[in-house]
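Here is the structure we will look at, set down as structure tokens.
Readers should treat all values here as calculations from the given coordinates under stated rules, not as data from a laboratory. Here the structure is a predicted model, which means the values were calculated and not measured. Glycine also receives a Cβ, built like all others from the backbone with ideal geometry; neighbour counts cover every protein chain displayed.
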Amino acid sequence: MPKYVALYTDEQRAVLRVRPGITSLASMAYIDENEVLGRSNDPERTYAEEVMPAKLKLDLQYVREQSLLLDLRIILRTLARMLGA
């Protein structure tokens with residue numbers, strides 16, 4: 001959403017240069033994002049100040065370390081999570 005992208009630092013904007021996939025380190029770390037935000041008194045603030053920066057940190061890690069091996073690890077972790085492992 002543009003209102004959140006406007007909050008990105010110059011460094012964080014690097015994630016916009018990478019084509020999004022169907023899963024990511026951030027999506028696995030915050031698979032319960034809706035629950036986290038649901039427990040908050042101010043979900044938008046919690047997202048902007050806590051969740052979004054943490055997810056962007058993981059996305060930046062991916063940008064710096066991207067490789068076929070990392071992609072395979074993310075896919076396997078996602079499949080394991082989906083199968084309840």
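Taking the range 8-32 and a reference point 7 angstrom along Cα→Cβ of GLU49, the backbone N atoms nearer than 17 Å belong to 8. For the chain, set up a GNM with springs between Cα atoms under 10 Å and report which of ILE74, ILE22, ILE31 has the largest fluctuation. Answer for the Gaussian network model of the chain: ILE22. Across the chain the C-alpha pair distances fall into 10 Å bins from zero in the proportions 16, 45, 32, 7, 0 percent. Approximating the spin labels as points 7 Å out from Cα along Cα→Cβ, the GLU65-to-VAL36 distance works out to 1.8 nm.
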